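The values are calculated or read from the model by the stated rules, or taken from the named source; none is laboratory data. Keep in mind that what you see is a predicted model, and the values were worked out from it rather than measured. Virtual Cβ from ideal backbone geometry, glycine too; neighbours counted across all protein chains shown. Areas reflect the complete protein model, heavy atoms only, side chains present, ligands, DNA and RNA absent. Shrake-Rupley method; radii C 1.70, N 1.55, O 1.52, S 1.80 Å.
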Amino acid sequence: MLAARYLFIVFFILAMLPANVAADIVVVVNAENEIDTLTKRQVIDLYMGRNAYFPDGTRTLRFDQPSDSTVRADFYHHLTQMKLPSINAYWARLIFTGRSSAPVPLSGDQEMLEVIENNKYAIGYLNKGSVNNRVKVVFELNSNEIE
Amino acid sequence: MRQYAFLFFAGLAVTLSTQIINASETVRDRFQVSSFGTLGISHAGKDQFGYRNELTHKGQFDKFSIFPDSVFGLQANAQLLPSLNATVQVLAEDQVRQNFNNIVDWAYLSYQPTPNTMIRGGRMGIDLFMLSEIRNIGFAYLWARPITEFYTPVSLSHFEGIDLKYTKNSELGYLEFKIYGGQTGSDIRVSRGDFSVRMRPIFGAIASMETNHWKTRATFAATHIDETRNTNLTRLLNALDQTPATIWPQAGAFSKLINGEGNQAYYYSIGLTYDKHDWLIQSEIAITDSAWPSVALTNGYLSLGRRVGPVTLYTVGSYAKSLRDSKTVSPRSSQSDINALQTITENAFNAVLINQNTISLGMRWDFHTKMALKAQWDHTWVRKNGGGLLILKEPLDHDITLNIFSLNLSFVY
């Protein structure tokens, strides 16, 4: 009886745990970029190689987080519900069939900020807590969006 | 020696590509070199029945080998103008015929007049199935190798010509339409020796739709089999053509059946993939319609994968079956030379027919963002007179089963 109660409590705690404890992630562009917001679909299209242009027709320079980083895994999973191995294989298909060139990987939030600040057409993503006033947030992924 | 040369070439390719990529950030914007490869070991085949996963490979007769699954490639992309790019892909693998023509898999120019339109010209991957343009890039797909029943019968890797692609983002999803035309060919090995086939013209169309989790596509291709070359086949056809109808009335009909030249072939396929959270499903079915029994067949597969952390466990069921039945020459001639010719003809006809299916179990471990380790077991049932995908040292006059064990390391850089 005691064991049953113990198991019930453990299961209850596990069930109450959030599915993912990732921090919020934001998509950012240069502060001078005329784009103010992007839809989730537009962000997906940019980061899944289906489009390389901002809505106003200017070509984007897409930047990525380190290939094995948690923020990258969370970003793609939030957007597409696909796990990182699937994303890596997907991008290999796009690159080698000439459909798209991959977003350029950077070393982390700090380099992402530097690159976005210095290029009007750059777009990237980082942890919400790293944002400064020299970049503009155009889309926000909340951890509670996870399916 | 030739086999080790391609391993050396592959290592050199990887080293060079890394050095070039690291050489200059400025150069990287305009010129990119990528490499891919698979280092694999497998055990397959029987003493009399050689297994291969590509018709361009030699048979594997109950032996371990690193060559059937190992391939290395180097791809260079150069941006010549803002909308004009050049791409070259070279392959090092253990092919039946190693020459410059077969090593250069792609060499084309692509021009993008609008963001949604692309025109390419040169030698390009032939877009017949889901894995058409990535069949040598093991990292880009789940299994140890492209599904044998579905991919092996079509040994065409590239074509020379032009294609036009149009893409559109719609409410339905990401739509892609492509048409192409040109010529193609392949140097393969069959039970009767090395075989070359040239198809000209070939033209086709592809429509695909992609959403976040689903991708569906339909393809059509039509071609004219212009030229086939095989010494033993030529001898057999000459013998059949010179046999008087009064001695063997069906000799002429067999000659027409066995000779592929002048026939048309039509290829239709549909495919579907699903990838969400931890589930991966992929399926394709196809039919190749032709009066030439060697290529007329239907085939397909269904693959189901479940991701557990960095490991994906999967199972695949696949089949391939010729649209023509085997033949028995009857009545037999009492003349010994004609009787021998009838036996050779019957064996030659039946040796190209395909009737097999496979169940596969495997796992892929993505232990690195650019590398994956795969292990796979295939159990294949090959029916009597259905061994067209094998190298036969003797006629397949009974059902057989084959087991293929594979361990692969795939990478992209």
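Compactness ratio of region B:216-271: Cα Rg over 2.2 N^0.38 Å, N = residue count?
In units of the 2.2 N^0.38 Å rule of thumb, it is 1.59.
Could you pull the accessible area for residue B:276 with a 1.4 Å probe, rounded to 10 Å²? Rounded to the nearest 10, the figure is 50 Å². Note down the net charge around residue A:58, summing +1 for each Lys or Arg and -1 for each Asp or Glu among other residues with Cβ under 9 Å from its Cβ. Within the 9 Å Cβ shell, the charges total 0.
Helix B:231-242 and the longest principal axis of the Cα set of chain B meet at an angle near 40°. Mind running the shape call on region A:41-132? Use the C-alpha gyration tensor, a ≥ b ≥ c as the square roots of the eigenvalues: rounded below 1.5 for a/c, prolate if a/b tops b/c, oblate otherwise. It is oblate, given that a/c is not under 1.5 and a/b is not larger than b/c.
Accessible surface of residue B:330, taken over heavy atoms with a 1.4 Å probe and every protein chain present, rounds to 90 Å². Specify the angular offset, from 0 to 90 degrees and rounded to the nearest 10, of the alpha carbon long axis of helix B:336-351 from the longest principal axis of the alpha carbons in chain B. Approximately 30 degrees, to the nearest ten. Of the solvent-accessible surface of the protein assembly as shown, computed with a 1.4 Å probe over protein heavy atoms with every protein chain present, carbon and sulfur atoms account for 60 percent.
The contact residues of region A:76-91, meaning those that lose at least 20 Å² of 1.4 Å-probe accessible area when all protein chains sit together rather than their chain alone, are A:80, A:81, A:82, A:83, A:85, A:86, A:88, A:89.
Accessible area per residue for region B:245-373, computed on protein heavy atoms with a 1.4 Å probe, is 46 Å². The distance separating the Cα centre of region B:70-86 from that of region B:125-148 comes to 19 Å. A prolate overall shape is assigned to the protein assembly as shown, the ratio a/c of its alpha-carbon gyration tensor axes (a ≥ b ≥ c) being 1.5 or greater and a/b exceeding b/c. With a simple spin-label model that places each label point 7 Å from the Cα along the Cα-to-Cβ direction, the separation between residue B:394 and residue B:343 comes to 1.3 nm. With a threshold of 28 Å on the Cα-Cα distance, the over-threshold entries among A:136/B:276; B:256/B:321; B:168/B:370 are A:136/B:276; B:168/B:370.
Note on residue B:177/residue B:41: beta-carbon distance plugged into 1/(1 + (r/R0)^6) with R0 of 35 Å gives a FRET efficiency of 0.30. The alpha carbon centroids of region A:109-127 and region B:187-207 are separated by 49 Å.
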